[in-house]
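Engineer: First the structure, which I've put down as structure tokens, then a few questions once you've had a look.
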Amino acid sequence: MAAFMTVLESDLRALSAEARRRYPAVKDAAEHAILKLRSMASPDEIAHNEDILRIFLMACEVKNVKLSVIGLSCLQKLISHDAIAPSALKEILFALKEAP
């Protein structure tokens with residue numbers, strides 16, 4: 001599981017770097033999510049923390065292809081590692097529907 005958490009942190013860093021100038025809210029949220037992720041020990045903890053999911057949904061909503069690709073890729077990783085609460089599926093489906 002440590003590898004999964006490392007990959008997520010790397011993706012959050014990429015998201016922060018890509019959003020740096022044009023999307024400061026995404027950049028700040030990604031940096032905040034990195035700090036939260038470091039305090040978590042398992043994907044189950046991620047499923048109970050909406051901040052991690054929210055940043056990837058936010059990346060999809062800004063209508064920037066590079067950010068959306070990172071966001072969608074991370075959503076797929078979270079789903080495949082059971083790190084998504086069932087209650088969040090509606091939000092994810094909406095983000096997928098609206099992604100560029």
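Engineer: Defining a contact as two alpha carbons under 8 Å apart and six or more residues distant in sequence, what relative contact order in percent does the chain show?
Structural biologist: On the way: 109 pairs, mean separation 26.6, N = 100.
Averaging sequence separation for qualifying contacts and normalising by length gives 27 percent for the chain.
Engineer: Hey, another quick one. With θ set to phi - 60°, apply the Karplus curve 6.51 cos²θ - 1.76 cosθ + 1.60 along the range 47-61 and write out the HN-Hα couplings as whole Hz, x wherever there is a Gly or Pro.
Structural biologist: 4, 8, 10, 6, 4, 5, 5, 4, 5, 6, 5, 4, 4, 6, 7
Engineer: Using the Karplus curve 6.51 cos²θ - 1.76 cosθ + 1.60 with θ = phi - 60°, what ³J(HN,Hα) values do you get for each residue of the range 37-42, in whole Hz, with x for Gly and Pro?
Structural biologist: Here the 3J(HN,Hα) series is 4, 4, 8, 9, 10, 8 Hz.
Engineer: Report the net charge of residues surrounding Leu8, where surrounding means a beta-carbon distance below 13 angstrom and charges are Lys +1, Arg +1, Asp -1, Glu -1. Mind dumping the intermediate values first?
Structural biologist: Details: positive: Arg13, Lys36, Arg38, Lys77; negative: Glu9, Asp11, Glu45, Asp51.
After counting each charged neighbour, the total is 0.
Engineer: Could you work out the local net charge near Val65, counting Lys and Arg as +1, Asp and Glu as -1, over the other residues with Cβ closer than 14 Å to its Cβ?
Structural biologist: On the way: positive: Arg22, Lys63, Lys66; negative: Glu18, Glu61, Glu98.
Here the charged neighbours net out to 0.
Engineer: Classify the range 2-98 as rounded, prolate or oblate, taking a ≥ b ≥ c as the square roots of the eigenvalues of its Cα gyration tensor: rounded when a/c is under 1.5, otherwise prolate if a/b is larger than b/c and oblate if not. Write out the running numbers ahead of the final one.
Structural biologist: Numbers: a/c = 1.77, a/b = 1.17, b/c = 1.52.
Oblate shape, in that a/c is at least 1.5 and b/c is the bigger or equal ratio.
Engineer: Let's test this: bin the Cα-Cα distances of the range 60-100 at 10 Å from zero up to the farthest pair and state each bin's percent.
Structural biologist: Bin by bin from 0 Å, the calculated values are 31, 55, 14.
Engineer: How large is the dipole of the range 2-98 about the Cα centre if only Lys and Arg carry +1 and Asp and Glu carry -1, each at its Cβ, rounded to the nearest 20 debye?
Structural biologist: Details: 13 positive and 13 negative charges, 93 e Å.
Taking the Cα centre of the range 2-98 as origin, the dipole is about 440 debye.
Engineer: Still on this model: Loop-only trypsin sites (Lys or Arg not before Pro) in the range 60-100, please: DSSP not H, G, I, E or B, and at most 12 other Cβ atoms within 10 Å. Don't skip to the answer; put the middle values down first.
Structural biologist: On the way: sites: Lys63, Lys66, Lys77, Lys90, Lys97; in loops: Lys63.
Answer in residue order: Lys63.
Rule-based calculations on the coordinates, nothing more; no lab input. As the structure is a computational prediction, the values presented were derived from the model and not from experiment. Cβ: placed from backbone, ideal geometry, glycine included. Neighbour counts: every protein chain shown.
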